[in-house]
Amino acid sequence: MGKIPSNKRQPKKRSIMLKWSFANMIFCFLVFTIFVIISYQSSVLYFLEGEKDGLVSVVDSAAKKLETSSDNLTPDNIYKYLDYQEPNVLDNLYDEAGHVIKSAEAVGIPGVSWRSFQVYDVSGQMIFTTQSSSIPLANKKSTAPVIVTIDNQSGYITTREIKSKKTGQVIGYLQSFNNLEFYYNIRNKLLFILIALEIVAMFLANFIGYFVSNHFLKPLSKLYAAMKKRTYSPSSEFEEVEIHSGDEIEELADVFNQMMSKTHDYIEGQERFVSDVSHELRTPLAVLDGHINLLLRWGKDDPEQLVESLEASRHEIKKMSSMIQDMLDISRLKQLDDFITEETVVEDSVTDLINNMKMIHQTSEFTFEDKLDDPQAKAQINQNHYIQALTILIDNAIKYSGEGESFVKVTLSENDKHIITSVADRGLGICEEDKAHVFERFFRADKARNREIGGTGLGLSIIANIAQIYHGSVSVESELGKGSVFTLVLPKADLK
């Protein structure tokens with residue numbers, strides 16, 4: 001029993017465009033994520049280093065001014081070492097214990113870029129501040145900038161021990177606290193912007209990737225449609241897929257066109273072969289069947305009829321065998337791509353063939369006219385195929401020579417690109433109406449006359465196929481009662 005085809009639906013395959021756009025989105029996401037991380041970390045480090053360097057620069061500048069004092073730093077003399085002209089320029093602030101703190105919040109500090117710092121006396125009591133601040137002295141030793149949190153505020157803090165350049169004694173302390181709240185706000189905003197850009201870029205990459213892949217894969221879709229059409233109707237007329245993308249898809253389409261063209265020719269050849277065989281073998285098989293039935297009924301008892309039936313049967317069998325062999329030769333020629341690069345020295349081949357023909361047909365007259373400039377001129381053809389084509393032409397010239405002595409003239413000539421072989425006879429000739437069909441399979445101009453001559457009607461068709469395979473041509477010029485001239489034109493082989 002035959003296997004019942006399954007009705008189970010095949011799983012739907014995902015579009016390559018969606019796969020491509022998704023892959024493109026993932027790729028862009030990863031690349032942009034790396035870019036965001038690097039950009040974010042680089043910006044953070046760069047900003048922090050800038051803040052640290054600025055803080056150190058300001059502290060160093062202020063410390064140099066304060067180190068010029070030979071006395072301990074106090075609220076009363078601090079103004080002199082910070083380049084203020086008068087003490088009343090600074091505002092007075094008071095801490096919880098009532099100690100005076102000079103403030104420069106309103107006027108700034110001459111010669112020092114604005115930055116928050118405080119000055120303390122030798123006991124650690126704050127005596128000066130650049131702004132309203134009550135930050136206690138964190139350390140009485142010089143420290144490098146570090147990030148700390150004071151009153152829920154994070155920032156860099158650094159301390160300098162102030163020593164008088166004149167006495168070498170500690171006269172006070174300098175401390176700076178740089179609030180990084182602004183930096184953290186910028187950092188958060190930068191992170192938000194980079195993530196937002198990443199999301200936008202990801203969807204934009206997906207969108208662009210889809211349309212770009214759609215554009216580039218359109219030729220592939222066209223090729224797929226053509227393949228699918230050929231799958232469902234392989235014997236239909238083949239139409240070439242025209243793709244001009246200028247890339248590998250175009251090359252793939254060219255290979256597909258060549259493959260399908262050969263496949264179509266092969267299928268067409270097989271169908272024609274079956275059709276021709278069934279049509280042409282019908283008559284000889286009917287003749288065989290008639291003679292066998294005759295022998296079975298009474299012919300086997302009549303010696304004369306027995307011999308006649310056996311001879312007729314043998315003749316039909318030889319005819320069928322020759323016909324099948326010729327049709328097989330035509331079918332094989334369609335698959336001989338490996339031979340198209342072979343070369344043949346035509347003069348030697350023609351000379352050998354004519355000498356052989358003279359031995360076989362001793363009553364025929366043969367003439368060979370050589371017009372080649374180079375006796376070693378080569379045609380782009382396999383030698384066996386060239387001899388096969390020439391043999392068919394000479395055999396036909398002898399067969400159709402009429403009642404008198406047969407005459408065959410072979411002429412070799414050339415032009416810039418081709419080797420030209422002509423076979424002329426003085427036989428029956430071909431009428432204008434039939435000349436257009438002589439290279440078709442099984443075509444025979446004079447049916448009654450051909451039954452006497454014999455043959456299968458496939459010889460000239462074989463020559464036409466040989467000429468087509470080697471990118472040449474074959475033609476005929478003929479006049480009834482005056483003979484025919486068949487001309488085979490083949491490409492010259494490249495001279496090395």
Exercise. Got a sec? How would HIS418, HIS291 order by Cβ neighbour count within 10 Å, fewest to most?
Worked result: HIS418, HIS291
Problem set entry | Highest-first arrangement of 162-174, 181-193, where packing means the average Cβ count within 10 Å | 162-174, 181-193
Seminar exercise, completed: Ordered by fewest other Cβ atoms within 10 Å, a rough proxy for footprinting exposure, SER406, SER484 read SER406, SER484
Exercise. How large is ³J(HN,Hα) for each residue in the range 162-173, as worked out from phi by the Karplus curve 6.51 cos²θ - 1.76 cosθ + 1.60 (θ = phi - 60°), to whole Hz, x for Gly and Pro?
Worked result: 8, 10, 5, 6, 7, 9, x, 8, 6, 10, x, 9
Exercise. With a ≥ b ≥ c the root eigenvalues of the C-alpha gyration tensor of the range 119-240, is it rounded (a/c under 1.5), prolate (a/b larger than b/c) or oblate?
Worked result: prolate
For this session: Please tell me which of these pairs span more than 30 angstrom C-alpha to C-alpha: LYS228/LYS492; LYS318/LYS492; LYS409/LYS492?
Result: LYS228/LYS492; LYS318/LYS492
For this session: Provide, as a two-decimal number, the C-alpha radius of gyration of the range 339-491 over 2.2 N^0.38 Å, N being how many residues it has.
Result: 1.00
Problem set entry | Cut-off under 5 Å, modelled amide H: who pairs with GLU343 long-range | ILE381
Seminar exercise, completed: Check: C-alpha center the range 60-89 vs C-alpha center the range 130-169, spacing in Å is 17
Exercise. What is the order of SER321, SER116, fewest Cβ neighbours within 10 Å to most?
Worked result: SER321, SER116
Exercise. ³J(HN,Hα) across the range 243-257 via Karplus (A = 6.51, B = -1.76, C = 1.60, θ = phi - 60°), whole Hz, x for Gly/Pro?
Worked result: 10, 10, 8, x, 9, 5, 5, 5, 5, 4, 5, 4, 5, 4, 4
Exercise. If the cut-off is a Cα-Cα distance under 14 Å, which aspartates and glutamates reach LYS165, setting aside same-chain residues fewer than 8 apart in sequence?
Worked result: GLU67, ASP71
Problem set entry | Pairs of lysine residues in the range 18-139 - Cα separation under 24 Å, sequence separation of 8 or more or cross-chain | 7
For this session: May I ask you to evaluate 6.51 cos²θ - 1.76 cosθ + 1.60, the Karplus curve with θ = phi - 60°, for each residue of the range 100-106 and list the ³J(HN,Hα) values in order in whole Hz, giving x for glycine and proline?
Result: 7, 10, 7, 10, 10, 4, 7
Exercise. For the range 19-187, what class follows from the C-alpha gyration tensor (a ≥ b ≥ c being the square roots of its eigenvalues): rounded when a/c is under 1.5, otherwise prolate if a/b is larger than b/c, else oblate?
Worked result: prolate
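The numbers here are math on the coordinates, done by the rules we state, and not lab data. On a predicted model such as this, the values are computed, not experimentally measured, just so you know. Cβ: placed from backbone, ideal geometry, glycine included. Neighbour counts: every protein chain shown.
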